[in-house]
Amino acid sequence: MKCPICHQDNDRVVDTRMSDDGSVIRRRRECCNCGRRFTTFERLEVTSTQVVKKDGHRVPFDREKLRCGLERACWKRPVSEEQITTIIAQVEIDVNSSFNSEVDSRFIGERVMEYLREIDQVAYVRFASVYLCFEEARDFAKELDNMMDSPKKREDYPPPKKRKK
Ligand SMILES: [Zn+2]
């Protein structure tokens, strides 16, 4: 901690106290350069990440809303509650490690899609179409194309049956 008097970053803590409710820690410090004493306060800061929607509105990151969207996409698909919880947890980690206080809603959608496509292709497509709200149908078609082109996933799709005339 920089000394407020001489601005040297060289101090020692001479006393540490916690507030009665345990929410604030007060530290009495002594500058090793000029000998002046000063106090710092430490308090827990809980900030919820703001999600910036497409229209510019900001809403707090809502785990339950994300869960609803995922459950809808995974309806009657072999995706367990635990897998959904894991996806949400992973997305939260991504959000917290990539941004300070704001995150684009698009970022969240893309992270979810990335995890979901590894688990269940049908749920992935459902989620992509509902949650991301592609501005143009073309975007979605392109997304489907990319998916079908992926050699790893191709075996999931049997070749289309030829129509009898
Ligand atoms: Zn000092």
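In the set 93, 87, which member is away from the ligand (no atom under 16 Å from the Cβ), open to solvent by 90 Å² or more (accessible area, probe 1.4 Å) and either within 30 Å of residue 129 (Cβ to Cβ) or in contact with a helix residue (DSSP H, G or I) (Cβ under 9 Å, 6 or more places away or on another chain) (or both)? Write out each step before concluding.
On the way: 87 fails: open to solvent by 90 Å² or more (accessible area, probe 1.4 Å).
Matching residue, one of 93, 87: 93.
Screening residue 60 on (1) open to solvent by 70 Å² or more (accessible area, probe 1.4 Å); (2) within 16 Å of the ligand (Cβ to nearest atom) shows it passes everything except condition (2). Which of the residues spanning segment 6-53 are open to solvent by 100 Å² or more (accessible area, probe 1.4 Å) and either within 30 Å of residue 65 (Cβ to Cβ) or within 16 Å of the ligand (Cβ to nearest atom) (or both)? Scanning segment 6-53 gives 7, 9, 12, 36, 37, 43, 44, 45, 46.
In this structure, does residue 52 turn out to be without any contact (Cβ under 8 Å) to a residue 60 or more places away in the chain, within 30 Å of residue 128 (Cα to Cα) and more than 20 Å from the chain's Cα centre (by Cα)? No; evaluated as a whole, the condition is false for this residue.
The values are calculated or read from the model by the stated rules, or taken from the named source; none is laboratory data. Computed from a predicted model, the values in this text were never measured in an experiment. Here Cβ is always computed from backbone atoms with ideal geometry, including for glycine, and neighbour counts include all displayed protein chains. The accessibility values were calculated without ligands, DNA or RNA, using every heavy atom of the protein model including side chains. Shrake-Rupley method; radii C 1.70, N 1.55, O 1.52, S 1.80 Å.
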